[in-house]
Every structure is written in C-alpha cells, then in structure tokens.
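Novice: Take a look at the following structure, please.
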Amino acid sequence: MNNNPKWLSELEGTVPEAAYGISINAYTLAFEAWRRGLSVSFENGYSKSRGRHFIRYVISNRQKSVKFTHNRSDQVSQKSVKNASNKHKIRKILDGKNVPVVRNEIVKTADLKEIKSKIDEFKYPVRISKLTSPAKNIATKTAGGPKEVAEYIGKELNDNKSQKFLIEESADSKHYYAYIVDGKVIGVYTKETPYITGDGTKSINELLIDSNNIRKKIPSITNLEISVDQKLKNVLKKQNYNVDSVPEPGKKVTIKSEAGSKDPVEVTDIFSDAMKNKLVKITDFLPGLIQCEVEFLYDENTEDYSIFTINGRPGIRNYLYPMQGEARPVPKAIIDYYFPETKGEYLSDTTPKYYFDYEVVNDDLRNNRLSKIVLPEHRYEPNLVSKSISFQSDYNISKLKKIIRDHFIRLKFDGEFNVMNNSRFELIIVGNYQDAYYFYDHLNTKKYLKNITMTDHDGGVNVGYKFNDLRTDISDTPPKPSGAAKAVKNKSSRQIQAYKKKVRQRDDRIKALEREIEDLKKSQSWKITAPVRKIKSKLRK
Amino acid sequence: MSTTLYLDVPTIGITGSFGKTTTKEITAALLSVKYDIFKSKRNYNTVRSTRRHVKKITDEHEAVVMEMTMGNKETGKNQCTLIQPNIGVITSVGHAHFENFTSIHETVLSKSEMMKYMKPDGTLYLNDDDEYSQLINTKYFTGNIIKCGITESADYRATDIKFNNGGMEFHVKLNGVDEYMFLPILGEHNVVNALFGIAIADKLGLTPNEIRQGLSTVKVQRGRLTLDELEGKRSLLDDSGNANPAAMIAGLKVLNTYLDSPKKIALLGDMAELGSYTREGHEKVGKALIDLDLDKVYLYGESSRYIMQKAKDTGFDEDRLFHYTDMDALIEELITNFEENTALMLKASKSTNFKKVVKRLLAEYERVK
C-alpha cells in the first residue's frame, strides 16, 4: 500500500469502539444524519423469521421519518433485495436483458459429458460451490477444465456431502464492488493481497509498522494488523526479501499470502462515466433497489465487464476505510437521497467534533433492556471550544466526581471526566469559550487541585457527560490516548462483571477438560490402547 | 435546523432592556449614509423575527443592523445562533420583561449572552451610565469593549446636552475633535442611544459630517417619545409605545426639563411584564415625582396605584394626583385639562392602550407642525 489512504475527516476520532464491526454501517449513517441536525432514535426490533432482536433506527425531521436497518432504509424494495440475494437468479434476470454476466450452471452429476455440455465454454478456472444451503455456500476452486470438475463432484457425491453444485467461470478474476445510491455510483473498490510500497529509505519492518498504524485505526472487531511471524517471513522470502530489506521506491512488496484475506483498494476513478452509467442501468432491472452494490469483473484494457452479482445488503466499511485511495462518502450519499434538503448543511462544520455513544445501543438495546433510545440533538451554537484539562489531586474521588459533574451541568459542558490513576485526572470539555476559561480559573482557585493545565483538544467528544474510571480497566494495557473515541473506557461496571464471568466460565471449562483428560488417561481403554500409541510414535520417528 | 449566518460585513446586534429599537434606528440611519444596509423591521426582535430577517439578507448588503431581544434565558444564544453579530450593543440592563427573571443578576446574565455568543474578537458597546450594565462581567470576553455615556469614564461621551428645536444638541469627541451633533428626538437617554450609533459609525469609518447627515434623518416610531405641537401651544409628548421604570422616569425628565410650557401634565399607566418587580418598579416612579415640577399627574390602571401611593408617601402634593380606572372618563378629564400652553406626556406599556387617548387628543386638537 502507499501507506497513505485518505479517510473521511469527519470520522476521525468520532467512531466509538462500540460501533466497530458490522455496527459501523448503522453508526456512520446515523452519525451523518445526526450531524446535519436530523433526529435519530434507535429501536429494538424483533424478527419473527429469525427469532431474534435486531437494531433499527429512525431518522427524521419535522416532515418525515425513514426507518433503517444497518445502512438500508425500509424504502428499498424488499422483493428486489430478496432477488438480489440469489446470484444465480439475478444473473438469469440480467442475462435476459443482455447484460454480460458471469456464466454459471448448477450441476447435480459427475458425468463428464453432461458437465462438458454445460460448462465447456466457461472461462477457466471455475469456482465450484456446494449448494447445501444457499446461505452457506462452501466454495472451492479448480484450475483445470471440466475433467477436474467432474472428479471433484464425483468425490463429493461419493462422500455424500452435497448433491448440488454451482459452477461459476472466471474464478481467479479480480472483483470490483460499486456502491450505487439513487442512480449514482458513489464509489468502487477492489480487493488486493496486502502489500507495502517501498520508498527507498524505510525497511520492510518500518513500512509494516506504518501499515499497521493505519490498520489499527480501521473500525474492525478483528485484528487486521500484520504480524511479523514465520508466515510473513515465508511470503517475503518468496520475493527475495526479509524484514530488514529496504525496497526500492514504488516497489510493491506483498505481506500476506495470496490465499489470505485481502485489503480494499479504492479505484473509483479508473472507471469512465459511461461505465458507471452502465452499472447504474443494470440496477434498474431490480426496481426499487435504491441502494445496492454491484459486484463485477472488469478488464481495464478492453473495458469489458461481466456482472458477478448485485448485493442488496452491502456493507460500507470497505468504502469508508480503504487501505489505498480515498474513502467514498456513502453515508452522505444515502442521507442526501432521503433528506435532500439537508445537503451540505452540517452543524458539525462549526462545532467541535461531537459523536454519540453506541455502547448503550449495542448493550442495553440489543440485549432487550431498553426498547428505544433517542439521541440528544447535535449541539449547535457559536463559540464552542474543545479543551483538555489535566490536573492532579489527592482529594476524595467521589467528591471530586460530584464537583466536576455539577460544573458540567451548570456550565452546559459536554465531555468526559477521566480518572487516569489515583491522583491524575483528565477532563475533556466542550462549551462556550468564556465558560471554559472561567472553569479553568475556577479550578485554579481550588487548593486540592494541583498542576492544572489546559490545552486545545482536537479529537472527538462524546455528547453529554461521561465519567470514566480507567483504573478499573480489566486489561493490563495502558490507557489509550485521549481524543479518539475510547470504548474500552466506556465499559460499564456491568459489562466488566460480564467479562469477568466469561473468563471464570472459560477457566472452569478448561479445568473440566483437564479433569476429563486425566480421567481418560486413568481409564482401562487408555491402558489397552497404549501399545498402539507407542507403535505409532515409533513409526513417526 | 438552519445553520448560523456568519457574515464578513459589519453585523450589528443590538439588545438591552430598553432603547433597543431607537438605537437600531439611529445606527441604521447613520450607516445608511455610507452603506447599503439591512435593518430589522420596526421592533420585530424575537428569535422568530430574526429567523425571518436572516432570510432577507443578501450579498448586496454591506452592513446588517439587527435588534435582538434577549428577554429570556438562552434567547441570546438562539439569536446569535441564527446570525452571529461581530458588533454587539447592550443598551441597558433593567427591569423590562422582568417577569422572566427572578433577580437583576439573571437579567444581566441574559443580556450578557450577546457578549458570550457574538464574535469573540468583535467589538462590544456598553452603556457607561447604566447602573446594572456595570454588573456585566467582561473578564472572559476576548474582543474590544467600548463604553458610551454621559459619565466621564465613557469612551464616547456626550457633553453640553441641550434641548433645541424639537431635538437634542450635544457634543462628542471624535478623533480628538469636539464635534457638534443634533439628534431630532428627545431625551438624554436617547442621546446615549445615539452615542452607540455614533461610536459604531466612527469605527466603520464615517466622517463627522456623514454622522451628522445620518442623525438628521433619524425618525422614531410613533409612541416612542414623539412630540406633536398642537393648536393653542399645546405639546403632546407621546411615549405610549412601551414602558419600564427607567424609561418612564427618563420620559418624565424630558417633560420636566426640555419642554418650556407653563403647565405640565403627565399621564402614567401600568407597566406590564415586570413580574416580581411590579410593585417596586412603580414605586420607583412614584418616588421620582417629588423631584419634578408637574402640575398634574394622571394615573391609570391597577399597578399605577403604587405610583400614587409612593408619590404621596414621599411628599408629592396629593391634590395633583388623579387615579382612573375608566378610560373614557380619563379621556374626558384630559380633554378638559389639556388647556392652551400645556404640555402633556403619556407613558405606559403598550397593553395599557394609551394609543386610544392619543388618537382622541389628535382628533380634538389640530397639529400646527
């Protein structure tokens, strides 16, 4: 990667960790609406078909309300979403409209002749998916022709693992993903094996650190960082590098195996307007699909393309956090569509960077403790400033907590009171500049507070008041730097108790398994089979 | 929700307990000499009115003069969130709209919202004569502060104040030179209101001549201390637009000091919206009467009884005090007593409806100029 992707500035420091993972879809959209002054409320919905609770949210102004799930509104045609969920069906529809599609066939036999008759003209390699259940396609890939397909299917049929197989052509072609809202392509990305780009001065190890610094900022619940381990060393070795090598400027060095997970790379600008229009027109064949993603194969040289599928429930994280290129403002496009009167009207343009807590949505709402949460309005007035005040004190923390909270309420501050350790404290405040300086002066009159400093705070600020006792953090990791949204801080004591309970349960389970192993070793059967294990061990040697 | 209008041109926000409309009119008249301005209409000064005004401001306007009421907590914030002034004026702090507050300190805080939400490096104009304006805590304001008044410490100070030809003559120092000014409306308090306009005009580069030219065009709305000369050398000083204790005393001073009629009559009505200050406010006016040389004082409305009682208590001649609760009877009595060579001043809150009295008097006697 060029180690310098451009992400959306409004999301820097304003995405709480509670909104990481799949929640990023709902959070970024709700956040976009909220900072335009629209009302946002989250509700606890119940899906009878799925038999579980789910989060939906309502964005509204005085004139209208629109309900969303993830990043999709209830105005998107459910029929079209359902059609789009079956790629075999969608390809049939598109093929019928003379749209080039990735060819595919469903095969139920291992008979080579029959297979040949169906897929002989496919572009190889082909992908074979076992259709045990539409939602759980397990794909494998074969590099050969129909014969290999027949052999694979024959083996699977013999093992009685599956009866139906979907064969798709062009299995090793690069896929492109285009997000379309309201008849416009908002962004296109593709996926590439993770790499770093040499600059002629930094070693691979240093470039990797840069890359990981970016990766750790991606709001993902899984660790996306690349470890310096044997796997990496092997990958580098294949390219005649080691971690201390200094690649030439512009030289791409792969840092993960081809088979591993890939990185999103934004490529919107490589497509002509004509090509984008073609993609948009394709979505017209699914009426009411206001928002969707077109997944397609594309040849940059010939501009030939074929549609792989249309996704009616696309996620947006890869558009917002590409590892290369510029983030594409999908939430903006969606809110522009549903609330066009708010286009470009951001309250957040002249205020400090507010964000809202998502922990309560993920915790209280998802766990059915609350049925509805209404966000407070995005604060908006002139002369708001954001400051960070730190001080030391040996004063009773409970009393300090009350004093600070009272001032937050009286002076109408938003922000946080963070207990860093037993004697070090940090305040993040947003309020009128005169109130901020008054408050700082006021703190300086208190004898029980020492070493008070106030600096500008550029990071995000949680709306409302929040107390974070960082001393109770269950991990041994040092506190995260202030400014960015800190979900670790936000764990309520209830959650901490829940985590502790999980740890206890896991420990108990390990102990139980260890006991089982011991019991097994003492059993008669273990003793009887002991010679077999000895022979096996000798054979291995 | 609409976003704040931040303008690069002079954007003047005028608030205060009294004098807002007059100051706005004067400032607008002065700036009109040099600039294409937008001014808020009449005394439409609520948040809702400001929202409407803001929509009418265009790129053509070179300066904006807005009257902004801050008669409630957070109203100032809401006003400045619609359009942020880079020049702020707090004309005075008093007991007008006191029903919304529990103490004068709350009123001070409410008016101080102008200072808190206007442009931090803008210029704020304060009344150096006004007692309660001294309570405004300017410690954390990061812009410039200019004080206007008659007191010596004022940055823009009016001296040699005289009444002449239906207006006020005074001098003010501009760039070190003592300049003569004439304001075609009455009252020392209006001279201070004019000083705000003069100070702003001076800051924005108007010459003394341009300022004089602007002042000559100042017109105030009917009922805001407007003077009608009627047949038989009768003078009708109509201040029935609105009232609070300080403004009522100021109006009485104009009648007492600047009109030279041999006979002087005051008609004082109830002052509304004073809340817990109702009794004290009326009594303050009653107490002031003893220092004035008035032939008769007519009082109308329930609260005005406090004026009467306090006037009596402080030694004002009881025989010169008349209280009425019937408007028609009051009008008849006034017509009888509004003899030749008499000056009559009316002052009350708008809700007291002295407009009816004025209408009847103007119908009865012809204007001579």
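Novice: Hey, among B:Asp160, B:Asp130, which residue is charged (D, E, K, R), modelled with pLDDT of 95 or more and not assigned by TED's automatic domain parsing to the domain that holds B:Thr257?
Specialist: Selected residue: B:Asp160, the only one of B:Asp160, B:Asp130 that is charged (D, E, K, R), modelled with pLDDT of 95 or more and not assigned by TED's automatic domain parsing to the domain that holds B:Thr257.
Novice: Shifting gears a bit: Exactly one condition in (1) within 14 Å of chain B (Cβ to nearest Cβ); (2) crowded, with 20+ Cβ neighbours inside 10 Å; (3) touching a Phe, Trp or Tyr at 6+ places or on another chain (Cβ under 6 Å) is not met by A:Ser348; state its number.
Specialist: Evaluating A:Ser348 over (1) within 14 Å of chain B (Cβ to nearest Cβ); (2) crowded, with 20+ Cβ neighbours inside 10 Å; (3) touching a Phe, Trp or Tyr at 6+ places or on another chain (Cβ under 6 Å) leaves (3) as the failure.
Novice: Out of the residues in the stretch A:418-447 that are open to solvent by 50 Å² or more (accessible area, probe 1.4 Å) and more than 21 Å from A:Pro382 (Cβ to Cβ), state the one that is nearest to the other protein chains (Cβ to nearest Cβ).
Specialist: The first filter runs over the stretch A:418-447 and keeps only residues open to solvent by 50 Å² or more (accessible area, probe 1.4 Å), leaving A:421-422, A:424, A:437-438, A:440-441, A:444-447.
Adding the requirement that they be more than 21 Å from A:Pro382 (Cβ to Cβ) leaves A:421-422, A:424, A:441, A:444-447.
Working: A:Asn421: 32, A:Asn422: 33, A:Arg424: 27, A:Asp441: 8, A:Asn444: 14, A:Thr445: 14, A:Lys446: 18, A:Lys447: 22 Å.
Residue satisfying both the conditions and the ranking: A:Asp441.
Novice: Also, I was wondering about something else. Test B:Arg234 against the criterion of being surrounded by fewer than 18 Cβ atoms within 10 Å (Cβ to Cβ) and charged (D, E, K, R), and give yes or no.
Specialist: In short, no.
Novice: Within the stretch B:339-356, can you find the residues that are surrounded by fewer than 20 Cβ atoms within 10 Å (Cβ to Cβ) and either under 26 Å from the mean Cα position of the chain (by Cα) or more than 24 Å from B:Arg367 (Cα to Cα) (or both)? I'd like the intermediate steps shown before the answer.
Specialist: Going through the stretch B:339-356, the residues surrounded by fewer than 20 Cβ atoms within 10 Å (Cβ to Cβ) turn out to be B:339-341, B:350-351, B:353, B:355-356.
If the condition is that a residue be surrounded by fewer than 20 Cβ atoms within 10 Å (Cβ to Cβ) and either under 26 Å from the mean Cα position of the chain (by Cα) or more than 24 Å from B:Arg367 (Cα to Cα) (or both), then B:Lys350, B:Ser351, B:Asn353, B:Lys355, B:Lys356 are the ones that fit.
Novice: Next question. When the residues of the stretch B:292-311 are filtered to those that are part of a helix (DSSP H, G or I) and in contact (Cβ under 8 Å) with a residue 24 or more places away in the chain, which remaining residue is nearest to B:Ser351 (Cα to Cα)?
Specialist: The qualifying residue nearest to B:Ser351 (Cα to Cα) is B:Ser304.
Novice: Right, A:Gly415: in contact (Cβ under 8 Å) with a residue 40 or more places away in the chain, in a strand (DSSP E or B) and within 14 Å of chain B (Cβ to nearest Cβ) or not?
Specialist: So A:Gly415 fails the test.
Novice: A follow-up question, please. Considering each residue of the stretch A:73-113, count those that are over 21 Å from A:Val330 (Cβ atoms) and either β-branched (Val, Ile, Thr) or in a loop (DSSP other than H, G, I, E, B) (or both), and give that number.
Specialist: 16
Novice: Within 28 Å of A:Val374 (Cα to Cα), away from every other protein chain (no Cβ under 14 Å) and of a type in the set (D, E, K, R) - does that describe any residue in the stretch A:288-309?
Specialist: Within the stretch A:288-309 (the criterion being within 28 Å of A:Val374 (Cα to Cα), away from every other protein chain (no Cβ under 14 Å) and of a type in the set (D, E, K, R)), the answer is no, since none of the residues qualifies.
Novice: Within the stretch A:416-426, is there a residue that is more than 36 Å from the chain's Cα centre (by Cα), of a type outside the set (D, E, K, R) and either at pLDDT 95 or above or farther than 17 Å from A:Thr453 by Cβ (or both)?
Specialist: Within the stretch A:416-426, none of the residues are more than 36 Å from the chain's Cα centre (by Cα), of a type outside the set (D, E, K, R) and either at pLDDT 95 or above or farther than 17 Å from A:Thr453 by Cβ (or both).
Per-residue answers, yes or no, for (1) touching a Phe, Trp or Tyr at 6+ places or on another chain (Cβ under 6 Å); (2) within 14 Å of chain A (Cβ to nearest Cβ); (3) open to solvent by less than 10 Å² (accessible area, probe 1.4 Å):
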site: B:Met114; (1), (2), (3): no, yes, yes
site: B:Lys139; (1), (2), (3): no, yes, no
site: B:Met168; (1), (2), (3): no, no, yes
site: B:Phe182; (1), (2), (3): no, no, no
site: B:Val191; (1), (2), (3): yes, no, yes
site: B:Leu195; (1), (2), (3): yes, no, yes
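Novice: Looking at (1) open to solvent by less than 90 Å² (accessible area, probe 1.4 Å); (2) not in a helix (DSSP H, G or I), which is the only condition B:Ala363 fails?
Specialist: In the conditions (1) open to solvent by less than 90 Å² (accessible area, probe 1.4 Å); (2) not in a helix (DSSP H, G or I), B:Ala363 misses (2) alone.
Novice: Right, here's the next one. From the residues in the stretch B:1-50 that are of a type in the set (D, E, K, R) and open to solvent by less than 30 Å² (accessible area, probe 1.4 Å), which one is farthest from the other protein chains (Cβ to nearest Cβ)? Before the answer, list the steps.
Specialist: Taking the stretch B:1-50 as the starting set, the residues that turn out to be of a type in the set (D, E, K, R) are B:8, B:20, B:24-25, B:34, B:36, B:39, B:41-42, B:48.
Checking which are open to solvent by less than 30 Å² (accessible area, probe 1.4 Å) leaves us with B:20, B:24-25.
Numbers: B:Lys20: 20, B:Lys24: 21, B:Glu25: 26 Å.
Once the filter is applied, the top-ranked residue is B:Glu25.
Novice: Against the condition on the phi > 0 side of the Ramachandran plot and of a type in the set (D, E, K, R), how does A:Asp182 come out, does it pass?
Specialist: yes
Novice: Related question: Going by the conditions given, is A:Asn362 away from every other protein chain (no Cβ under 14 Å) and either more than 29 Å from A:Ser211 (Cα to Cα) or β-branched (Val, Ile, Thr) (or both)? Break it down stepwise before answering.
Specialist: Values: away from every other protein chain (no Cβ under 14 Å): yes; either more than 29 Å from A:Ser211 (Cα to Cα) or β-branched (Val, Ile, Thr) (or both): yes.
Yes, satisfied.
Novice: Please enumerate the residues belonging to the stretch A:240-275 that are open to solvent by less than 30 Å² (accessible area, probe 1.4 Å) and over 25 Å from A:Thr222 (Cα atoms).
Specialist: A:Ser245, A:Pro247, A:Thr268, A:Phe271, A:Met275 - these are the residues of the stretch A:240-275 that are open to solvent by less than 30 Å² (accessible area, probe 1.4 Å) and over 25 Å from A:Thr222 (Cα atoms).
Novice: Using the structure shown, decide if A:Phe42 is part of a helix (DSSP H, G or I), of a type outside the set (Gly, Ala, Ser) and open to solvent by less than 20 Å² (accessible area, probe 1.4 Å).
Specialist: Against the criterion (part of a helix (DSSP H, G or I), of a type outside the set (Gly, Ala, Ser) and open to solvent by less than 20 Å² (accessible area, probe 1.4 Å)), A:Phe42 does not qualify.
Novice: Further question on the same structure: For the stretch A:166-216, which positions are within 30 Å of A:Lys130 (Cβ to Cβ), open to solvent by 20 Å² or more (accessible area, probe 1.4 Å) and assigned to a strand (DSSP E or B)?
Specialist: Once the filter is applied, which keeps residues that are within 30 Å of A:Lys130 (Cβ to Cβ), open to solvent by 20 Å² or more (accessible area, probe 1.4 Å) and assigned to a strand (DSSP E or B), the stretch A:166-216 yields A:His175, A:Tyr177, A:Lys191, A:Glu192.
Novice: If only one of B:Lys147, B:Lys119 is surrounded by 19 or more Cβ atoms within 10 Å (Cβ to Cβ), among the charged types (D, E, K, R) and within 14 Å of chain A (Cβ to nearest Cβ), which one is it?
Specialist: Of B:Lys147, B:Lys119, the one residue that is surrounded by 19 or more Cβ atoms within 10 Å (Cβ to Cβ), among the charged types (D, E, K, R) and within 14 Å of chain A (Cβ to nearest Cβ) is B:Lys119.
Novice: Residues that are in contact with a strand residue (DSSP E or B) (Cβ under 9 Å, 6 or more places away or on another chain), modelled with pLDDT of 95 or more and within 14 Å of chain B (Cβ to nearest Cβ): does the stretch A:448-460 have at least one?
Specialist: Yes, because at least one residue in the stretch A:448-460 is in contact with a strand residue (DSSP E or B) (Cβ under 9 Å, 6 or more places away or on another chain), modelled with pLDDT of 95 or more and within 14 Å of chain B (Cβ to nearest Cβ).
Novice: Run B:Ile83 past the list (1) at pLDDT 95 or above; (2) touching a Phe, Trp or Tyr at 6+ places or on another chain (Cβ under 7 Å) and report the number of the one that doesn't hold.
Specialist: (2)
Novice: Tell me which of these A:Glu381 doesn't satisfy, since it passes every other one: (1) within 14 Å of another protein chain (Cβ to nearest Cβ); (2) open to solvent by 40 Å² or more (accessible area, probe 1.4 Å); (3) acidic (Asp, Glu).
Specialist: Single failed check for A:Glu381: (2).
Novice: Determine which member of the set A:Ala436, A:Ala485, A:Ala498 is at pLDDT below 65 and touching a strand residue (DSSP E or B) at 6+ places or on another chain (Cβ under 7 Å).
Specialist: Step by step, each of A:Ala436, A:Ala485, A:Ala498 is checked, and only A:Ala485 is at pLDDT below 65 and touching a strand residue (DSSP E or B) at 6+ places or on another chain (Cβ under 7 Å).
Novice: When the residues of the stretch B:205-226 are filtered to those that are surrounded by fewer than 17 Cβ atoms within 10 Å (Cβ to Cβ) and part of a loop (DSSP other than H, G, I, E, B), which remaining residue is nearest to the chain's Cα centre (by Cα)?
Specialist: B:Gln221
Novice: Hey, any hits in the stretch A:392-412 for a residue that's away from chain B (no Cβ under 14 Å), of a type outside the set (S, T, N, Q), closer than 28 Å to B:Phe141 by Cα and part of a strand (DSSP E or B)?
Specialist: no
The values are calculated or read from the model by the stated rules, or taken from the named source; none is laboratory data. Worth saying up front: this structure is predicted, and the values here are computed from it rather than measured. FYI the Cβ positions are ideal-geometry reconstructions off the backbone, even for glycines, and counts take in every protein chain you see. SASA here: full protein model, heavy atoms, side chains in, ligands and nucleic acids out. Shrake-Rupley method; radii C 1.70, N 1.55, O 1.52, S 1.80 Å.
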